[in-house]
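So the structure is just underneath, and the comments pick up after that.
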Amino acid sequence: MESIRIATRGSLLALWQARHVAARLEELHAGLRADLVTVRTQGDVWLSTPLAEVGGKGLFVERLERTMQEGGADVAVHSMKDVPVELAEGFELPVLCAREDPRDALVSADSARLDSLPRGAVVGTSSLRRRCQILALRPDLVVRDLRGNVDTRLRRLDAGDFDAVVLAVAGLLRLGRADCIAERLDPERFVPAGGQGVMGIECRSGDERVRSIIAPLHDGKAAAEVAAERAMNRRLGGGCQMPVGAFAQCDGSEIRMAGLVARADGTCVLRERRTGPASAPESLGVAVAEGLLAQGAGDIIAEVSSGA
C-alpha cells in the first residue's frame, strides 16, 4: 500500500487541518494511506513570550521542516499566514488549498461588536497586526498579549481574563466554533494577514512522487491571492510578526488588493489599494508594497525591527 506521512503541530486546529488533508488525499487516491506525524514546535513551547520577541511564527514551520529533512515525514500542512515569505532551502510549497473565510473574528464575552465594546475593555491578541488595527479604531481599549491555541484563548475569555479576543474566522469555522463569533471584521477596514484562511502543503524540493499525490488539492484562485499577498510582504521585508496586513481578492481576470502597515500602538496607519491582472499577482503585490513604502512604511518597519 502506498503511503504519505503528514507532519503537523499538535494543536486542535493543526490536527484538524492535517486530518482534513489526509482524508482528502485518501479519497482522491484509492489505496493510499495518509498517516499523521505530530511534532511539537518551538512556537508551541514558548507560550509565555510574545511571538515577536522569539522569532515570529516561523518557529511553527522550522521544526516541521526538520522532520521532513530528517526523513520523518513527506509533507507538512501549514496555515499560510504562519509561513515566512522565504522558505528554507530544499523545500517548496506546490499546493495551496481552497481558501476559507479570510477575515478576522471578534469573540466577546457578551457578543459585543468592536464598535460597541465599553471603554477600557481588555482585548487579547498575540498579533501586532491585530493590535495596531484595534488601537487605531478604538484607542480607548486595552490590548494585552494572548498566546496559545484557539481553545486556550477561548478558555481565557470564558475565565474573564479578557473582555474580547480576536481570532481568525477560518480557524473557528474549522473547529466548529462559528457560534462564538460576535463580528466578522470587514477586511477592507480590518486587513487580515497575508495567507489567512489558506492551508499550504510543503514538501521537499524535487520530490515528484509526493508532488503528484498532493497536486489535486491545489486551488489556482487561492494561489493567485496568496502570491500577491506574499509578494507584498516580501518587498516590504516584514516578517510574520510585523504590523502588516495584506488581503487580495481574485475576481475573474482581476485581483483587488489592500495592504496595510501601521505602528503597533495604532497612531500611524498606512493603507494602499490597487487592482491588477490575475495573471500577474506578484507584480500587484509589489506595486501595493511600493505604494506603502512611498507613504513611509519602511520607517515603521525599521522601528519595529529595532524594537524602538
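Quick notes
- When segment 261-284 is filtered for residues that are touching a strand residue (DSSP E or B) at 6+ places or on another chain (Cβ under 7 Å), crowded, with 16+ Cβ neighbours inside 10 Å and within 19 Å of VAL191 (Cβ to Cβ), the ones remaining, listed by number, are VAL261, ALA262, CYS268, VAL269, LEU270, ARG271, GLU272, ARG274, GLY276, PRO281, LEU284.
- Residue that is at pLDDT below 95 and of a type in the set (A, V, I, L, M), where the choices are ILE255, ILE301: ILE301
Listed here are the residues, each with its yes/no results for (1) surrounded by fewer than 18 Cβ atoms within 10 Å (Cβ to Cβ); (2) touching a helix residue (DSSP H, G or I) at 6+ places or on another chain (Cβ under 8 Å).
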| residue | (1), (2) |
| --- | --- |
| SER116 | yes, no |
| GLY120 | yes, no |
| GLY124 | no, yes |
| ARG153 | no, no |
| ALA168 | no, yes |
| ARG174 | no, yes |
| VAL198 | no, yes |
| CYS203 | no, yes |
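- Leading residue by the ranking (surrounded by the fewest Cβ atoms within 10 Å (Cβ to Cβ)) among those in segment 3-18 that are over 15 Å from GLU202 (Cα atoms) and free of Cβ contacts under 8 Å to residues at least 60 places away in the same chain: SER3
- Figure legend. Inter-residue proximity from segment 198-216: first residues in contact (Cβ under 8 Å) with a residue 12 or more places away in the chain, second residues among the small types (Gly, Ala, Ser), beta-carbon distance below 7 Å, spacing 6+ or different chains. Indicated pairs: VAL198/ALA222; MET199/SER79; GLU202/ALA76; ARG204/GLY90; SER205/GLY90.
- Per-region count, segment 68-87, residues of a type in the set (Gly, Ala, Ser) and loosely packed, with under 15 Cβ neighbours inside 10 Å: 2
- Checked against (1) at positive phi; (2) without any contact (Cβ under 8 Å) to a residue 40 or more places away in the chain, GLY160 passes all but condition (2).
- Subset of segment 263-296 (residues that are closer than 30 Å to GLY220 by Cα and aliphatic (A, V, I, L, M)): LEU270, ALA278, ALA280, LEU284, VAL286, ALA287, VAL288, ALA289, LEU292, LEU293
- The number of residues in segment 177-196 that are farther than 30 Å from ARG63 by Cα, within 17 Å of the chain's Cα centre (by Cα) and surrounded by 15 or more Cβ atoms within 10 Å (Cβ to Cβ) comes to 4.
- Look at segment 64-90: where a residue is farther than 30 Å from GLY285 by Cα and a partner is surrounded by 15 or more Cβ atoms within 10 Å (Cβ to Cβ) and of a type in the set (S, T, N, Q), sitting 6+ places away or on another chain with Cβ atoms under 6 Å, you get ALA73/THR67.
- Condition check for GLY160: in a loop (DSSP other than H, G, I, E, B) and over 19 Å from the mean Cα position of the chain (by Cα): yes
- In the set (1) at pLDDT 95 or above; (2) in contact with a Phe, Trp or Tyr (Cβ under 9 Å, 6 or more places away or on another chain); (3) outside any strand (DSSP E or B), the condition left unmet by ARG144 is number (3).
- The residues listed here are ARG113, ARG119, ARG99, ARG131; of these, the one that is modelled with pLDDT of 95 or more and under 18 Å from ARG153 (Cβ atoms) is ARG131.
- Only a single item in (1) at pLDDT 95 or above; (2) out of contact with any helix residue (DSSP H, G or I) (no Cβ under 8 Å at 6 or more places or on another chain) is not met by VAL37, and it is number (2).
- Residue check for THR267: within 30 Å of ARG144 (Cα to Cα) and of a type outside the set (D, E, K, R): yes
The values are calculated or read from the model by the stated rules, or taken from the named source; none is laboratory data. Bear in mind that the values here come from a model prediction, so they are computed numbers and not experimental data. Cβ sites come from the backbone with ideal geometry, for glycine too, and all protein chains shown count toward neighbours.
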